Amino acid sequence: MKIRIQKHLLIGVFSALLVLFFGAVVFSQVIRTPSEESGFQEYTSYEEMLQYLQDIQATSTEMLLSTFGKTIEGREQPYAIFSRPLVTRPQEATATGKPIVVLAANVHGGERTVRESLLMITRELATKGSDMNWLLDELIVIVVPSINPDGFVRATRGNSLGIDLNRDYMKLEQPAISNYVQNILLTWQPHIILDGHNGGAYPYNICYQGPANAASDQRITRLCDQEIFPFINSAMEKNGYKSWYYSGGDSLRWRGAPTDPRINTNYGGFINSFSILFESPRQDRDDGAKSGLVATRALLHYVAQNSEKVMMTVERARRETIEMGQNATGEIPVQITVGPKDYKVSYEIEIRRGGTIDPETGRRTGGTRELVQIIGADLMIEPVVTKSRPRPYAYLLEPRAYEAVEMLKRHKITIEVLQKDTEIDFEAYNMTGIEYRSEYDHPASVTVTFADETVKQTRTFPKGTYIIRTGQVMGRVAAHMLEPETNDNVVKWNAMDAMLPRMPRQSGERAGRTITAGVPVEQAQPQEPQPVIFPIFKIMTPVALPTKILKY
Ligand SMILES: [Zn+2]
């Protein structure tokens, strides 16, 4: 009897230990990225990334794994939705009343550390009880770890054709980027868009910037500068990291990012989102991936704590975009530059001393790095409008402008079609010059110049004419693409090549040779030059027109 009790006791204790032991094993069985497994000696390969995402998906009821397209070389572009309750489509996401955050990276294939940060945050979002998982009470998060897998496998900036996808946001010619814009950005209409890169300057771990173009809502950019970036700074400091603006500086000024909407951060501003650039100068995988993770967590914390402010700012920007167009008020900045902020800043720069300078590249190698503290310098990120044009109610394109219309369609811009011949008052630009020059991957991009004075006329436009209202949520994109003096428009990117007007010969060329019978040459009056009307017409005041929406 006594022995039996002891036996039972032993078995009981043994079973308890067994449960504890296996329980502990199950608990510690965390799925780690292959990069983590290697101690950050390797990047997670493309195939490993797909497997890892699938493995994490299998552990969570709050994650939905999918793909948003395929690259030129047929690689799937994965994304994962995280939310509580789990949403499966944009309408459900909107119905939750929570901000939608897109975390993306690796549009430049060789820039890979933030991709690793996003793979790690995927696990954290999926892990019940983790700090990041708690945020799903406040946020919907969509993770796009690798926009450009074809570039990733090559470790190149561009895609397999060598094209820089972060300059294709307006043309949308490359499948990897048009998939991302159409199926993620324009489908989910996120309040926040993160775009992760490897760039910027030491000694910083993350360099950031918000939308930089003067044509996007400035309250979005201001909230980035005044609240979001300082919030990220303090989270980074607590973890022993440093963060500051993109891109680099000297003893006098710190320069910002380019302002063209062909770049993600600026395009995001044009669609009225908080579009935030993260550039990690740390190509070292361990440091780059971990500091990128800390900055990304901080961004999510900020949005969760300020969800109402973030959503109201975005919704107001979207509503005002529609109203400005519908009422045809205000100006469209067509040429901008950047100036200093109206306050001074302090930052650190790293200077290399000693070593050798390569006579061909001018780059210094070897030597020692020295940190220099700069105090009271200029921060060159204030957008300055150097030329603007009045915002029309609508733009009008002739039926033969179908190539330009195709470019607008890629952005899901609402286009209407005239249902019968209609007399319309319009303003048009008087072309004074045309120049073909190489820009990015376009060897023959078109730059046109115009007289300041527009031509005002009335004309009967035929049935089939396209009407593009500026009063739509995509109104900032539509206006930038249809104002021919901007830096990213349908003319510049060759979509109107077949219908560009011919410039007349200089009046002086002929005037000297003109002889009118019976009139001495010196008295012959040169003819008044006719305006060269450019075939993008502007309807300046709201008017009802017999149109129907173009279905596509
Ligand atoms: Zn980049």
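The values are calculated or read from the model by the stated rules, or taken from the named source; none is laboratory data. Just so it is clear, the structure is predicted and the values come from calculations on it, not from any experiment. Every residue, glycine among them, receives a Cβ derived from its backbone with ideal geometry; neighbour counts consider all protein chains shown.
Would you confirm whether or not the range 367-377 contains a residue that is in contact with an Asp or Glu (Cβ under 7 Å, 6 or more places away or on another chain), at pLDDT 95 or above, part of a strand (DSSP E or B) and of a type in the set (S, T, N, Q)? Checked the range 367-377: at least one residue is in contact with an Asp or Glu (Cβ under 7 Å, 6 or more places away or on another chain), at pLDDT 95 or above, part of a strand (DSSP E or B) and of a type in the set (S, T, N, Q).
Within the range 215-237, the residues that satisfy the criterion of being small (Gly, Ala, Ser) and either surrounded by fewer than 22 Cβ atoms within 10 Å (Cβ to Cβ) or not assigned by TED's automatic domain parsing to the domain that holds LEU277 (or both) are SER234, ALA235. Restricted to helices (runs of 4 or more DSSP H) entirely inside the range 88-135, those with at least 3 residues that are under 18 Å from the mean Cα position of the chain (by Cα) are 113-126. Number of residues in the range 191-236 that are away from the ligand (no atom under 16 Å from the Cβ), out of contact with any helix residue (DSSP H, G or I) (no Cβ under 8 Å at 6 or more places or on another chain) and either within 16 Å of PHE270 (Cβ to Cβ) or of a type in the set (A, V, I, L, M, F, W, C) (or both): the value is 4. Contact map, the range 83-110: residues that are farther than 16 Å from THR187 by Cβ paired with residues that are among the basic types (Lys, Arg) and not in a loop (DSSP other than H, G, I, E, B), Cβ distance under 9 Å, separation 6+ or inter-chain. Pairs shown: ALA105/ARG115; ASN106/ARG115; GLY109/ARG154; GLY110/ARG154.
Considering only residues that are in a strand (DSSP E or B) and without any contact (Cβ under 8 Å) to a residue 60 or more places away in the chain, which ones fall in the range 460-496? Within the range 460-496, just THR460 meets the criteria.
Per the conditions (1) within 14 Å of the ligand (Cβ to nearest atom); (2) surrounded by fewer than 24 Cβ atoms within 10 Å (Cβ to Cβ); (3) over 28 Å from ILE81 (Cβ atoms); (4) not aliphatic (A, V, I, L, M), the sole criterion not satisfied by ARG154 is (1). For the range 28-59, residues that are over 21 Å from VAL153 (Cβ atoms) and surrounded by 18 or more Cβ atoms within 10 Å (Cβ to Cβ) total 1.
Scanning the range 415-445 for residues that are in contact with a helix residue (DSSP H, G or I) (Cβ under 7 Å, 6 or more places away or on another chain) and at pLDDT 95 or above yields a count of 1. A single member of LYS171, LYS128 is surrounded by 21 or more Cβ atoms within 10 Å (Cβ to Cβ) and among the basic types (Lys, Arg), and it is LYS171. Within the range 113-125, at least one residue is more than 16 Å from the ligand (Cβ to nearest atom), among the hydroxyl-bearing types (Ser, Thr, Tyr) and in contact (Cβ under 8 Å) with a residue 40 or more places away in the chain.
Among the residues of the range 330-366, the one identified as among the basic types (Lys, Arg), assigned to a loop (DSSP other than H, G, I, E, B) and surrounded by 12 or more Cβ atoms within 10 Å (Cβ to Cβ) is LYS341. If you take the residues in the range 435-454 that are among the hydrophobic types (A, V, I, L, M, F, W, C) and surrounded by fewer than 16 Cβ atoms within 10 Å (Cβ to Cβ), which one is nearest to ILE539 (Cα to Cα)? Checking each candidate, the answer is ALA451.
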